[in-house]
Amino acid sequence: MTDVRIRPGVPADAESLASLINQAFVVERVAFEGDRTSPEKVRELFDSGLFLLADSPPSLAGCVYITVRESRGYLGLLSVHPRCEGNGMGRRLMDAAEQHARSAGLDALDLRVISPRAEALLPFYLKLGYVETGVAPLDGTANPKVPCHYITMTKILRIR
């Protein structure tokens, strides 16, 4: 995957981003029905944050979304195209997100993992230096098929 370029996303990427995210989040159908997002929802996210994209023509290889909340960043929607899984793409996107957060002067990055996916995802984030900080309920718009909650995680980027 040497031909991959990380770049900021733009609203014109919304269709491709929604497709990529929905393909990557098929695994969450254990807990939720249907697609994870839509082009309209992705466009709305550009109003409050930044997508970093892994471009690998002819399509996107991956993405991650970052938004700022005071001196902390929130990271979400880490998505890797199924054809790129197992090639370090997730780690590369996380590294780019952390570098962006450090450059923006953020103290920490926070993320959430849904409990049915914890076994698969927690080891990845723990290996990258994130620590579990607690649990949180799903927001009111989620309609899970099985009982679930969020596991919250944080990585300290700098100490004041």
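Could you size up the charge dipole of the chain around its Cα centre, putting +1 on the beta carbon of Lys and Arg and -1 on that of Asp and Glu, and report it in debye to the nearest 20?
Charge dipole of the chain: 420 debye, to the nearest 20.
Please list 3J(HN,Hα) in residue order for segment 82-93, calculated via the Karplus relation 6.51 cos²θ - 1.76 cosθ + 1.60 where θ = phi - 60°; whole Hz, with x for glycine and proline.
x, 6, 10, 5, x, 10, x, 5, x, 5, 4, 5
Once the dipole of segment 23-160 is set up with Lys and Arg at +1 and Asp and Glu at -1 on Cβ about the Cα centre, which of I114, G76, M94 lies farthest towards its positive end?
Highest projection toward the positive end goes to M94.
Placing +1 on the Cβ of each Lys and Arg and -1 on the Cβ of each Asp and Glu in the chain, which of V42, Y130, V4 has its Cα farthest towards the positive end of the resulting dipole?
Going by the charge dipole, the pick is Y130.
What's the FRET efficiency of V26 with S103 using the Cβ-Cβ distance as r and R₀ = 25 Å, to the nearest 0.05?
0.15
Using label points projected 7 Å from each Cα along Cα→Cβ, tell me how many nm separate N87 and T141, to one decimal.
The answer from the label model is 3.2 nm.
At what distance in nm do the modelled label points of R5 and R112 sit from each other, each positioned 7 Å from its Cα along Cα→Cβ?
3.5
Given only helices, namely DSSP H runs of n ≥ 4 each adding -39500 (n - 2.57), what is the per-residue ellipticity at 222 nm of the chain, to the nearest 500 deg cm²/dmol?
It comes out at -8000 deg cm²/dmol, rounded to the nearest 500.
Given a cut-off of under 8 Å on Cα pairs at least six residues apart, what relative contact order in percent is computed for the chain?
After rounding, I find 21 percent.
For an R0 of 25 angstrom, estimate the FRET efficiency from the Cβ-Cβ distance between V68 and A12 and round to the nearest 0.05.
Here the calculated transfer efficiency is 0.65.
According to a simple spin-label model (label point 7 Å from Cα along Cα-to-Cβ), what is the distance in nm between E119 and H149?
Simple spin-label model gives 1.9 nm for this pair.
Let me check the size of segment 5-156 from its C-alpha atoms; what are the radius of gyration and Dmax in Å?
14.7, 40
The numbers here are math on the coordinates, done by the rules we state, and not lab data. Predicted model, so just to flag it, every value in this text is computed and none were measured. Every residue, glycine as well, gets a Cβ built from its backbone with ideal geometry; the counts of neighbours run over all protein chains shown.
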